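To start, the structure under review is shown below, and the notes come after it.
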Amino acid sequence: MFTGLIREIATVKNYSNNILTIQSKHKAKLGDSIAINGVCLTVIEVHSDGFDLELADETRSIIDESKISGEVHIEPAMQLGDRFEGHIVQGHVDCVGEVISITPLENATDFIIKVDPKYIAHIIPKGSITIDGISLTVNDVYDDAFRLTIIPHTLRETLMRNYKIGTKINVETDLFARYIDHILQHRSQKKSMSWDDVDKMQMGY
């Protein structure tokens, strides 16, 4: 589990044969879970200046390849006893969104992100969303897009400062919205859910 608070901007050294090599100050250990631009991956090898992670076929089928090159956000998984900040993030990307509008304001910047309309039900006004691993609050939701208002601190400390019209981003929708929607769909089908069904639902996210 993650919080959506970026701990470092690291650099991709290499990506080939499904192995991603990250140059980072973070001292990872073998088997650690680390979110790379919001994607939960497992450390399979440690180097003096970083670590290797492996991308599964399912992961590669969802994310955009631009998300595994150049600079990337990293966040190590929460440890037991850590202070809980941000919001609950699983590191399971739902879809790739696209920046379609950037509007500077007096003391913030509005971003409008377009997504496949089927994910809009899981994006809640004033709810939580994760963009390239960054925990953010949704302001408005439209038929196939949503609006974020980003303060200057977030722009300075994250790669959002480099976003342009057309930038692709990893989107993880609200965990609770996904759960509730799934339960209601089962209820509307008048299907009684067993504990096995609940376990399978949790594993699916």
**Item:** Close pairs (7 angstrom Cβ cut-off, 6 or more residues apart or separate chains): without any contact (Cβ under 8 Å) to a residue 40 or more places away in the chain in the stretch 4-33, among the acidic types (Asp, Glu) and part of a loop (DSSP other than H, G, I, E, B) anywhere
**Value:** GLN23/ASP49
**Complete:** Note on the stretch 103-140: residues over 18 Å from the mean Cα position of the chain (by Cα) and either acidic (Asp, Glu) or within 30 Å of ILE34 (Cβ to Cβ) (or both) are GLU106, ALA108, THR109, ASP110, ASP140
**Asked** Residues of the stretch 40-63 being touching a Ser or Thr at 6+ places or on another chain (Cβ under 6 Å) and either among the small types (Gly, Ala, Ser) or touching a residue at least 40 places away in the same chain (Cβ under 8 Å) (or both), which ones?
**Response** CYS40, GLY50
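A quick yes/no check of all residues on (1) among the β-branched types (Val, Ile, Thr); (2) surrounded by fewer than 21 Cβ atoms within 10 Å (Cβ to Cβ):
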residue	(1), (2)
ILE6	yes, no
THR11	yes, yes
TYR15	no, yes
ASN18	no, yes
LYS25	no, yes
ILE34	yes, no
**Request:** Restrict the check to the stretch 144-163 and report whether at least one residue is within 20 Å of THR11 (Cα to Cα) and in a strand (DSSP E or B).
**Result:** no
**Asked** Can you name the condition, by its number, that ASP197 falls short on among (1) modelled with pLDDT under 95; (2) crowded, with 18+ Cβ neighbours inside 10 Å; (3) not in a loop (DSSP other than H, G, I, E, B)?
**Response** (2)
**Item:** Lone unmet requirement of (1) closer than 18 Å to ILE62 by Cβ; (2) surrounded by 21 or more Cβ atoms within 10 Å (Cβ to Cβ); (3) of a type in the set (A, V, I, L, M, F, W, C) for PHE111
**Value:** (1)
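The values are calculated or read from the model by the stated rules, or taken from the named source; none is laboratory data. The model shown is predicted, which means the values in this text are computed figures rather than measured ones. Methodologically, a virtual Cβ is constructed for each residue, glycine included, from the backbone with ideal geometry; neighbour enumeration extends over all protein chains shown.
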